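Please read the structure below before turning to the comments.
The values are calculated or read from the model by the stated rules, or taken from the named source; none is laboratory data. All values reported here derive from a predicted model rather than from experimental measurement. Methodologically, a virtual Cβ is constructed for each residue, glycine included, from the backbone with ideal geometry; neighbour enumeration extends over all protein chains shown. What goes into the accessible areas is simple: the full protein's heavy atoms, side chains included, and nothing from ligands, DNA or RNA. Shrake-Rupley method; radii C 1.70, N 1.55, O 1.52, S 1.80 Å.
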Amino acid sequence: MTLSMVVFSSSLSLSQLELPSRVKLLSLRATPLRNTSTIVSIGKQSQSHLRPISNFETGNRIGFGITIRPRPEQCIWNKSMVVSGLVRASKREDGLPNKFGGGIVIGSGLTVILAVMNRVLYKLALVPMKNYPFFLAQLTTFGYVAVYFTILYLRYRAGIVTKEMLALPKSRFVAIGALEALGVASGMASAAVLPGPAIPILNQSFLVWQLVFSVLILRRKYSGNQILGCLLVTAGVILAVASGSNEGQFMSQVDPLWPALMIASTAFHSVASILKEFVFIDGAKQLKGKPPDIFVVNSFGSGFQALFVFLLLPFLSNLRGIPFAELPIYLKSGAACFLNFGGDLLDCQGAPLLPLLFITTNMAFNISLLNLVKMTSALVASLASTLAVPISIYVLSLPLPYMQHGTNLNISFIIGSAILVLGLTLYNLPQPKDELKFN
């Protein structure tokens, strides 16, 4: 629910005020203090008690915090607080203004679509780049830094990004970059040993970690149906992904260290995503209600991630079976295959179109995902991207360009997908609240 009120000077008459359609002036009466007051009703059948929580100067306007209670009470505003104009209130309790409304649904849908495209195009990009996946990973890591900071500079010149946004503490971005790099390193180390079907299954622990860390770091509380919904989503994805494995006990010969390391990598990525949400929340407080621009968070987070990945390059290249001394030759060959120009390119058909499509889509997906974190929370953004997993599996089962042979999906995939949708529905059920606070 969004309530809008503003305050002008008391010299304006009430007939000059333009109030939202859901706010009605009921009457004027004199109080014992001899001040003219206005009784305001919200909605058609219920009245809400409005009281000033805090004042903040915005030019010549004064905004008031509002608490909405379900019991019907009258609200009296003194003439010194005559209502005029608009101060948008938000149902979020973290201080971020909820000015998106239906945009959250659109943003979630766009994130799901981009997540599906991202997974499918990555698989297609690996057709020409199948011998150079490490090159493709480093290109996205370091290339995005240049792109993000270029966009950040343009938005700063346009006045969208302010000096105050750029002055936010960099220690949080250092932590985000370090955690992302550790997630990449531990994920690569375990992926080199684990069987293929185990990796997407173990990655689903990401949602569980987000529940835990959002409670620990953001002090967020979740209802029973939200927790159950997340667990159902995790179970549904595991069932859908595991349906593609016909190897029986495919984890029986694996040392428990490697699954634990893969789960730890998801924990690193999870903490990083929660810290990004914290940056938006705390940044909104420091910037007097205006959350930081997403390219501030994206640019500095990606910049420090690239720095730590660069420091870990000898370790990461060895994990991929590339001796560090041979890394320059490998990168040169990877660049030739990516551009489809020079060298032996018999296996690089589809480049550079498919890799470029993946990089463009991946960048759009990352921006959309972070924007969804800004609008809602890291957990909701993860649920949206998780929904893309079974959809992506279905799309990849179809005949595609450069991948002509499709696959058949069994009943376990359908059941798993249904459980996932049930979990998402359960998580998004309306939550009963005794009191909604608007800032």
Original post:
Which numbered condition trips up Arg157, out of (1) at pLDDT below 95; (2) over 29 Å from Gln349 (Cα atoms)?
Top reply: (1)
Original post:
If Lys437 satisfies every condition in (1) surrounded by 11 or more Cβ atoms within 10 Å (Cβ to Cβ); (2) at pLDDT 80 or above but one, which is the exception?
Top reply: (2)
Original post:
Can you pull out the residues in segment 146-177 that are touching a helix residue (DSSP H, G or I) at 6+ places or on another chain (Cβ under 7 Å) and either among the charged types (D, E, K, R) or open to solvent by less than 30 Å² (accessible area, probe 1.4 Å) (or both)?
Top reply: Tyr148, Leu152, Arg155, Val161, Met165, Leu168, Lys170, Arg172, Phe173, Ile176, Gly177
Subject >> Residue among Lys163, Lys130 that is over 21 Å from the mean Cα position of the chain (by Cα) and within 29 Å of Leu287 (Cβ to Cβ) >> reply: Lys163
Original post:
Do we have Gln286 as touching a residue at least 40 places away in the same chain (Cβ under 8 Å) and open to solvent by 60 Å² or more (accessible area, probe 1.4 Å) here?
Top reply: yes
**OP:** Specify which of the listed residues (Ala325, Ala364, Ala384) is crowded, with 17+ Cβ neighbours inside 10 Å and at pLDDT 90 or above.
**Re:** Ala384
Original post:
What pairs come up if the first residue lies in segment 167-187 and is part of a helix (DSSP H, G or I), the second is open to solvent by 10 Å² or more (accessible area, probe 1.4 Å) and charged (D, E, K, R), and their beta carbons are under 9 Å apart, counting only those six or more places apart or on different chains?
Top reply: Arg172/Lys276; Arg172/Asp282; Ile176/Lys276
Original post:
What is the one condition in (1) closer than 17 Å to Pro133 by Cα; (2) crowded, with 21+ Cβ neighbours inside 10 Å; (3) out of contact with any Leu (no Cβ under 7 Å at 6 or more places or on another chain) that Asp347 does not satisfy?
Top reply: (2)
Subject >> Selected residue (only one of Leu239, Leu207, Leu216, Leu228 is touching a helix residue (DSSP H, G or I) at 6+ places or on another chain (Cβ under 7 Å), modelled with pLDDT of 90 or more and either open to solvent by 10 Å² or more (accessible area, probe 1.4 Å) or part of a helix (DSSP H, G or I) (or both)) >> reply: Leu228
Subject >> Failed item in (1) out of contact with any Lys or Arg (no Cβ under 8 Å at 6 or more places or on another chain); (2) open to solvent by 10 Å² or more (accessible area, probe 1.4 Å), with Cys337 passing the rest >> reply: (2)
Original post:
Can you find even one residue in segment 395-416 that is buried (at least 21 other Cβ atoms within 10 Å of the Cβ) and of a type in the set (S, T, N, Q)?
Top reply: no
**OP:** Take segment 285-334 and flag every residue that is acidic (Asp, Glu) and in contact with a Lys or Arg (Cβ under 9 Å, 6 or more places away or on another chain).
**Re:** Asp293
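So that you can scan it fast, the table gives a plain yes or no per residue for (1) at pLDDT 95 or above; (2) farther than 30 Å from Ser417 by Cβ; (3) charged (D, E, K, R); (4) outside any helix (DSSP H, G or I):
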residue	(1), (2), (3), (4)
Ser245	no, no, no, yes
Gln249	no, no, no, yes
Gln253	no, no, no, yes
Ala260	no, no, no, no
Phe268	yes, no, no, no
Phe300	yes, yes, no, no
Lys332	no, yes, yes, no
